[in-house]
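Here the structure comes first, spelled out in structure tokens, and everything after it is commentary.
The values are calculated or read from the model by the stated rules, or taken from the named source; none is laboratory data. Keep in mind the model is a prediction, meaning the values are calculated, not measured. Don't worry about glycine lacking a Cβ; one is built from the backbone with ideal geometry, like all the others, and counts go over all protein chains shown.
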Amino acid sequence: MRAAGKARSAAKDLAVVGLGTAIVTVCAWISIPIGTVPFTLQTFAVAAVGGLLGWKRGSLSVLAYLLLGLVGVPVFAGFKAGLAALMGPTGGYILGCPSPFRALPSSSP
């Protein structure tokens with residue numbers, strides 16, 4: 001019975017991380033183009049995902065977001081993807097997204 005409970009817990013964690021990744025992705029697409037670096041809701045989404053999911057799940061959500069963009073799925077602002085998007089003007093911010101989760105307490109959900 002415990003194995004079934006662990007499997008359900010792992011499935012729930014995977015679903016929650018996927019949902020967090022989807023939230024960050026959709027919020028990155030909502031942007032106001034101002035110059036080279038667009039203003040997006042991604043900042044809000046990263047903070048919300050970290051606050052709601054805790055530092056472990058939040059970090060995994062943002063890392064999944066980064067990996068999806070790196071392999072070519074257009075998840076970044078302006079529907080950009082790939083290594084070129086990470087090396088562009090917004091690349092430093094995108095790569096720094098998981099950093100704030102280190103400040104969250106380890107007792108987060």
Original post:
Taking the stretch 27-36, which residues are surrounded by 13 or more Cβ atoms within 10 Å (Cβ to Cβ) and not in a strand (DSSP E or B)?
Top reply: CYS27, ALA28, TRP29, ILE30
Subject >> Looking only at the stretch 41-69, and only at residues there that are surrounded by 20 or more Cβ atoms within 10 Å (Cβ to Cβ) and within 17 Å of PHE79 (Cβ to Cβ), the one that is modelled with the lowest pLDDT >> reply: GLN42
Original post:
Somewhere in the stretch 15-33, is a residue touching a residue at least 12 places away in the same chain (Cβ under 8 Å) and in contact with a Cys (Cβ under 9 Å, 6 or more places away or on another chain)?
Top reply: yes
Subject >> Criterion (at pLDDT below 85 and more than 16 Å from the chain's Cα centre (by Cα)) met by exactly one of THR90, THR36 >> reply: THR36
Original post:
Which members of the stretch 50-67 meet the condition of being closer than 15 Å to GLY91 by Cβ and of a type in the set (A, V, I, L, M, F, W, C)?
Top reply: VAL62, LEU66, LEU67
Original post:
What pairs come up if the first residue lies in the stretch 75-88 and is within 14 Å of ALA28 (Cα to Cα), the second is assigned to a loop (DSSP other than H, G, I, E, B), and their beta carbons are under 6 Å apart, counting only those six or more places apart or on different chains?
Top reply: ALA77/PRO38; ALA81/GLY72; ALA81/VAL73; ALA81/PRO74
**OP:** Considering only the stretch 40-99, give the helices (runs of 4 or more DSSP H) lying wholly within it that have at least 2 residues that are touching a Cys at 6+ places or on another chain (Cβ under 8 Å) and either among the polar types (S, T, N, Q) or closer than 13 Å to THR21 by Cα (or both).
**Re:** 42-70
